[in-house]
1. Sort H116, H183, H191, H43 from largest to smallest accessible area, using a 1.4 Å probe on the heavy atoms of the protein chains.
2. Can you tell me the 0 to 90 degree angle between the C-alpha axis of helix 116-130 and the longest principal axis of the chain, rounded to 10?
3. Between rounded, prolate and oblate, where does the stretch 39-120 land on the alpha carbon gyration tensor, with a ≥ b ≥ c its root eigenvalues, rounded for a/c under 1.5, else prolate if a/b exceeds b/c?
4. Can you give the calculated 222 nm mean residue ellipticity of the chain, where each DSSP H run of n ≥ 4 adds -39,500 (n - 2.57) and the sum is split over every residue, rounded to the nearest 500 deg cm²/dmol?
5. Considering Cα pairs under 8 angstrom that are at least six residues apart, work out the relative contact order of the stretch 167-299 and quote it in whole percent.
6. Using 0.36 nm per residue of separation minus the Cα-Cα distance, give me the extension gain between T409 and E387 in nm, one decimal.
7. First select every other residue whose beta carbon is under 10 angstrom from the beta carbon of V309; then total the charges, Lys and Arg +1, Asp and Glu -1.
8. Output the relative contact order of the chain, whole-number percent, from Cα pairs under 8 angstrom with separation of 6+ residues.
Amino acid sequence: MGHLSLRVNNPDVVVVGAGIAGTSIAAVLARGGVQVLLLERQHGYRDRVRGEYMAPWGVLEARALGLEDVIRSTQAVDARYSVDYDELSTPSAAEEAKTDRSTIFPDVQGPLCASHPRMCQALAEDAVRSGAELVRGVTEVRVQTGRRPSLTFLNGAEREVRPRLIIGADGRASTVRRQSGIHLDKAPATHVVAGLLVEGASRWPDNECTPGGVEGDLEFYVFPQGDGRLRLYTCHANEQATRWAGRAGAQRFVEAFAGLRSIPESRGLGDVTPAGPCGTFSGEQTWCDEPYADGVVLLGDAGGYDDPVTGQGLSLALRDVRQLSGLLLASGNWTVSALRQYGQQRAERLRRMRRVSKTFAALMTTFTDAGRARRDRYYAASGAGQEEFRMALGALSRGPDRMPSEAFTDQLHESLLA
């Protein structure tokens, strides 16, 4: 998995980027008999602030791809119960009202939480076992679109390959997207998101998560990873983008969680210590209406990504993988006309999630008296099982493709926020 062996001189597919999306599609395509060359800049995976929460519908996507067991091999844990700790209720009331997420789909125990670096490594190894060739340490990637596209890169020496298709799975700042001339639209962020891996959380149950609560001017999330580790996230106003900056930022982050009155001391957040870098990134929404060009198609964040406030990134990436791999394995026609169906369905999926995430962000990241009053009404209506809220936010657990189109209308969502 180092220098290119040239076992595949002109492979069927070159996948640029060996993250979750890239390794997943490489494994699925290789398993289907496609010659795959997988290129990655990093020599190894290290902890970074990346998606580590897979919604229940994402677990179904992983299962359909035959990748669930690979992901579970990384010591992933099922966060079966959601506890909505929040300043608007007492900790004991939040715990009494916890939600059992294993009832959403049969044989899915709820959201799945796992280490991002471990998932990437396990999926990369699975791709290689399935027959893909993985080359690390790749730099200076250059893409030329066309019916028979070309790609050159450095890996000790300059290499050129001419596959049938280039798949750009190289993240938010995608080189493949930029060099292919694919247009990216963007909706500005209304908040920033930060995350930190911590250890020493032996008193936090591995089967419980807090997928968004608010105290003061901070929205917070807690996701278990087993072995006393948690991934903690915050959302706060754009004006506080440097809130956790500097060498002492991670410690301030931990102290903020330890000081939350919404979460009881018995959960042990006062005992944790940083176990990785503290990263902050903006919560904008981006999308490509046409995530393809001649000989090129985009996957995962490279083709646009949703606001991370709802934690749908991993699930959306795996849905991309299932749809695109199904299309490529079903037909030898990989032209733009054939990729259009993938692009249209993907664009609609992201449009739907943008609508849901916009509503959720408005509910959870409006740190004003009016915002708190609105959130209080939301909790009351949600607890009462009101159909409007179940419909409008159902995609967060069930996915955008499993909800009817009326769940995503502006009229419905704006009425809930009025």
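1. H43, H183, H116, H191
2. Helix 116-130 sits roughly 30 degrees off the main axis of the chain.
3. Oblate, because a/c is 1.5 or more while a/b does not exceed b/c.
4. -10500 deg cm²/dmol
5. On the way: 238 pairs, mean separation 51.9, N = 133.
Once divided by the residue count of the stretch 167-299, the mean separation gives 39 percent.
6. Details: separation 22, 0.36 × 22 = 7.92 nm, distance 1.46 nm.
Here the answer is 6.5 nm.
7. -2
8. Once divided by the residue count of the chain, the mean separation gives 20 percent.
The values are calculated or read from the model by the stated rules, or taken from the named source; none is laboratory data. Because the structure is a prediction, the values reported are computed rather than measured. When we count neighbours, we look across all protein chains shown, and the Cβ atoms used for this are built from the backbone with ideal geometry, even at glycine. These area figures cover heavy atoms from the full protein model, side chains too; ligands, DNA and RNA do not enter into them. Shrake-Rupley method; radii C 1.70, N 1.55, O 1.52, S 1.80 Å.
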